[in-house]
Structure formats: structure tokens, C-alpha cells
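The values are calculated or read from the model by the stated rules, or taken from the named source; none is laboratory data. Predicted, not measured: the structure shown is a model, and the values here were computed from it. Methodologically, a virtual Cβ is constructed for each residue, glycine included, from the backbone with ideal geometry; neighbour enumeration extends over all protein chains shown.
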Amino acid sequence: MIDLHFEESSHTYTLNGRRVPSVTQVLDPLIVLDGIPWDVLEAARIFGNHVHLACHLYNLGTLDWDSLDPVLASYVRGYVRFLTDTGFIVLASEERVASVKMGYAGTLDLFGRLDGEAALIDAKRTVAVPRSVGPQTAGYEQAVRESHPDAVAQCASGPGDGRINRYALHLRADGSWRLVPKTDPNDARVFLAALTLHNYLEEAA
């Protein structure tokens, strides 16, 4: 059973009565290794949250385009072009998921069907796609399998085939988009290694 709660003000997840780390918290050390200053990361995170929210509202059919800042709107138009160009079917947007087995949670950007197959997509509006997206989507994949097994089975590309294709959706300031497959078989191992490190440091604190 999965009993998942999210506290917006502290950005904390509670899974079956126990506080657990988020996927992004687990991968913070990888972002640090990329050498990006924290103030730049924080500004990017805040703006990225606005982009994600606007895209989510578009998925819900409730986006007020007139309320968007022109810079923000350009990224959302890129997202809409992605949907139109690819025919991606959104089944879950800004969905909270968790892994009871591994003890973590998070909010994935997009899950659905692309070219007739299950697809998990993380949207990025950074200058370049961070290398942490591979392990990030691997973490979300495990969590969505546990949280929504029926949806995963429904999206399977064939009988007995439970594959989920993972992607980074790179949204650019000019309204263009690029879909980057994440296929490294080491992604899941890297995520689990980062989770082990996170838990070790938490226990030592």
C-alpha cells in the first residue's frame, strides 16, 4: 500500500507515515558535481517550476495564456509544439509517485504514450540537458511502476512488455523543443548509489 503525502511549504514527502527524500534531493550531489553555482540553480529551479506549472495547466485545459510572462509563454508554446508534432498522449502530469521498496518519492513531469509505447518524460528549460536527467528519470520509473502499476500495464508496448522509454524534453527560449532519449543502463544504478549516499549522510547527521 502507498500512502503518500506532500507538504508544499517545506517540500517534504511522507510515505506510509515516514519522511522520505525526493528524487531531486537524492540527486543534488550530482548537480553539485556539474559545477553550477547554487544561486544560479535556485533561480533556474524557480523559473522551471513556473514552466512546469504552466504546462500542467495546459494539460488540464485551464491555462490562462494572457496571464503568462512573454518569456515563460515561449517555453509553453514549445511544449505545445512538442505535443502537436509528436502526438504524445498525456496520461499523467505533475504526478506524485513513490517507491516503498526503496524509500523515496517525487513528482514526475509527464507519463503517457509516445509512438504507441509507454514514455516517461522530464521537461527541462535549461541551456543544456543536465546529465542528472538519466538517473532522475530512472528514479521516477521505479516509483511510477510501484505507484501506478495499472497505468504502466495499460501503456505497455505489447503483451508482457513492460518497457518504459525515458526522455528529457528540452524546451528552448525560442519556442523550439528537442526530445533526448535516456537509454544508459547505468542510470538506475547511479540513482540507487545516490540514494544510498543520501540515506547514509542522513543517518550520520
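Details
- Restricting the stretch 1-56 to residues that are among the small types (Gly, Ala, Ser), modelled with pLDDT of 80 or more and under 18 Å from the mean Cα position of the chain (by Cα), the residue that is nearest to residue 78 (Cα to Cα): 54
- Top-ranked residue of the stretch 172-201 - restricted to ones that are closer than 24 Å to residue 44 by Cα and of a type in the set (Asp, Glu), ranked as surrounded by the most Cβ atoms within 10 Å (Cβ to Cβ): 187
- All positions within the stretch 181-205 that are of a type in the set (Val, Ile, Thr) and either at positive phi or in contact with a Lys or Arg (Cβ under 9 Å, 6 or more places away or on another chain) (or both): 183
- Counting the residues of the stretch 94-131 that are in a strand (DSSP E or B), within 14 Å of residue 14 (Cα to Cα) and not β-branched (Val, Ile, Thr) gives 6.
- Of note, residue 168 does not satisfy the criterion of being under 17 Å from the mean Cα position of the chain (by Cα) and part of a loop (DSSP other than H, G, I, E, B).
- Taken together, the residues in the stretch 16-30 that are over 14 Å from residue 139 (Cβ atoms) and touching a Ser or Thr at 6+ places or on another chain (Cβ under 9 Å) amount to 1.
- For the stretch 48-71, filtering for residues that are surrounded by 17 or more Cβ atoms within 10 Å (Cβ to Cβ) and hydrophobic (A, V, I, L, M, F, W, C) leaves 6.
- Of the criteria (1) within 17 Å of residue 53 (Cα to Cα); (2) of a type in the set (S, T, N, Q); (3) at pLDDT 95 or above, which one residue 136 fails: (1)
- If you go through the stretch 56-84 and pick out every residue that is part of a helix (DSSP H, G or I), hydrophobic (A, V, I, L, M, F, W, C), under 23 Å from residue 112 (Cα atoms) and free of Cβ contacts under 8 Å to residues at least 40 places away in the same chain, you end up with 5.
- Single condition residue 180 does not satisfy, out of (1) within 26 Å of residue 84 (Cβ to Cβ); (2) assigned to a helix (DSSP H, G or I); (3) among the β-branched types (Val, Ile, Thr): (2)
- Among the residues of the stretch 176-190, those that are modelled with pLDDT of 95 or more and either among the polar types (S, T, N, Q) or farther than 12 Å from residue 137 by Cβ (or both) comprise 176, 177, 178, 179, 183, 186, 189.
- Test result for residue 66, of a type outside the set (A, V, I, L, M, F, W, C), closer than 16 Å to residue 166 by Cα and out of contact with any Leu (no Cβ under 6 Å at 6 or more places or on another chain): no
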